[in-house]
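Asks: Here's a structure for you.
No lab work stands behind these numbers, since they all come straight from the coordinates. On a predicted model such as this, the values are computed, not experimentally measured, just so you know. FYI the Cβ positions are ideal-geometry reconstructions off the backbone, even for glycines, and counts take in every protein chain you see.
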Amino acid sequence: MAFAHDFPFDPAYGHDVERLLEVGAPAGPPDFDEFWRGLAGAAAQVDVAAELGPVEGEVGGVRIHSVGFTSLGGVRIGGWLTLPADGVVEHGLVVGHGYGGRGEPDIRLPLDRVAAIFPCLRGMWRRGRVPGIPEVAAEHVLHGIESRETYVHGGCAADVWCAATALTTLIPETAGSLGYLGSSFGGGIGALALPWDRRFAAAHLDVPSFGNHPLRVTLPCVGSGDAVTARHRRHPEVLDVLAYFDAATAASRITMPVQVGAALFDPAVPPPGQFAVYNALGGDKRLHVLPAGHFPHKGEAEAGEALFAAQREFFASVMGE
């Protein structure tokens, strides 16, 4: 499907579905797995000191609480935790967010009888602000990028693991049926985090970012990806660090069932990178093709409903809904 636009580049990048399904993933540095296992091990040792706040509201049979927990490096993360008003919980869900953070939790989720935690990852609006970490996406994506030990995306992945610990600590019923749901930034960070945490049973990654960095920096785009491309033009060696934070490389280590919503047209997260994540998945994988991502278009509401229906069907089939 062609879309009228005024970008100075083609947000479809000359790819059709067949070509997108051929996009590969970098193998990654020799110590890729060692690095990530070490990071996950360190996060597992964190005393998350989870705190469930009072009810902030109730909408559509869902109670909304504030939540806070400690993540790697002593960073305190805030967000929301939602519970069914009738108290019946059978599943847990860690829900990521896009680049820019979140101002409230999502009440409509693709699982019923679910307790869900909505962390605002470090540096991100509205409850994840951290002194010294830029809140603006184009600056956040470059924070600490000089080394793999300091790059903010490693800390963001740790926030996902610690959010899972907080959820399963506060709501023990979630421990046996835990899923992940993330879009864009949250999709890419999810792909980075999932291979190293066996607590997750399934995940949906929607228009996931950070796939195939060597290819991404050659593709014009808008948003945070453009900031990384600009940094690469000045400092090509940045790819040495980004190699450890490639969502497609990490996806090749994921063995749990994963559904990916990947777009054919996307000016912010180039589709070849999205499909690189899907193509690399090592286990049960499902693909839901979207006409466009990060782009308002006619039929967007219908596409959103179709995606939600696909998510519900997926989680029901793999988590026994």
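Asks: I'd like the Karplus ³J(HN,Hα) series for the range 281-293: coefficients 6.51, -1.76, 1.60, θ = phi - 60°, whole numbers in Hz, and an x wherever there's a Gly or Pro.
Replies: 3, x, x, 5, 10, 10, 10, 10, 8, 9, x, 7, x
Asks: May I ask you to evaluate 6.51 cos²θ - 1.76 cosθ + 1.60, the Karplus curve with θ = phi - 60°, for each residue of the range 246-263 and list the ³J(HN,Hα) values in order in whole Hz, giving x for glycine and proline?
Replies: Working through the residues one at a time gives 9, 5, 6, 4, 5, 4, 5, 9, 7, 10, 6, x, 9, 10, 10, x, 10, 9 Hz.
Asks: Shifting gears a bit: Would you please name the GluC sites (Glu not before Pro) within the range 16-79 that are DSSP coil residues with at most 16 other C-beta atoms within 10 Å of their C-beta? Walk me through the numbers before you get to the answer.
Replies: Working: sites: Glu18, Glu22, Glu34, Glu51, Glu56, Glu58; in loops: Glu22.
When the GluC sites (Glu not before Pro) of the range 16-79 are filtered for loop state and at most 16 Cβ neighbours within 10 Å, Glu22 remain.
Asks: Could you give the spread of the C-alpha atoms of the chain along their three principal axes, from largest to smallest, in whole angstroms?
Replies: 50, 42, 33
Asks: Around Arg286, which amide H atoms from residues at least 5 apart in sequence, or from another chain, sit under 5 Å from its own amide H, with H modelled in the peptide plane?
Replies: Excluding prolines and chain starts, which carry no amide H, the hits are Val258, Gln259, Val260.
Asks: Which loop-located GluC sites (Glu not before Pro) does the range 147-247 contain, where loop means any DSSP state but H, G, I, E or B and the Cβ has at most 15 other Cβ atoms within 10 Å? Could you put the intermediate results ahead of the total?
Replies: Numbers: sites: Glu149, Glu173, Glu237; in loops: Glu149, Glu237.
Here the GluC sites (Glu not before Pro) that fit, given the DSSP loop and packing criteria, are Glu149, Glu237.
Asks: Given a cut-off of under 8 Å on Cα pairs at least six residues apart, what relative contact order in percent is computed for the chain?
Replies: 19 percent
Asks: Follow-up question, since we're still on this one. Could you derive backbone 3J(HN,Hα) for the range 297-314 from the dihedral phi with the Karplus parameters 6.51, -1.76 and 1.60 (θ = phi - 60°), listing whole Hz in sequence and x where the residue is Gly or Pro?
Replies: For the range 297-314, the Karplus curve yields 7, 5, x, 5, 5, 5, 5, x, 5, 5, 5, 4, 4, 5, 4, 4, 5, 5 Hz.
Asks: Can I ask one more? Tally Lys and Arg at +1 and Asp and Glu at -1 over the other residues with C-beta under 11 Å from the C-beta of Ala25: what net charge comes out?
Replies: Values: positive: Arg253; negative: Asp246.
Within the 11 Å Cβ shell, the charges total 0.
Asks: Which of rounded, prolate or oblate describes the range 137-179 when judged by the alpha-carbon gyration tensor and an a/c cut-off of 1.5? Write out the running numbers ahead of the final one.
Replies: Numbers: a/c = 4.16, a/b = 3.17, b/c = 1.31.
Here the range 137-179 falls in the prolate category.
Asks: For the range 185-276, which trypsin sites (Lys or Arg not before Pro) are both in a DSSP coil and crowded by at most 11 other Cβ atoms within 10 Å? Spell out each step's value before the answer.
Replies: Values: sites: Arg198, Arg199, Arg216, Arg231, Arg233, Arg234, Arg253; in loops: Arg198, Arg199, Arg253.
Qualifying residues, ordered by number: Arg198.
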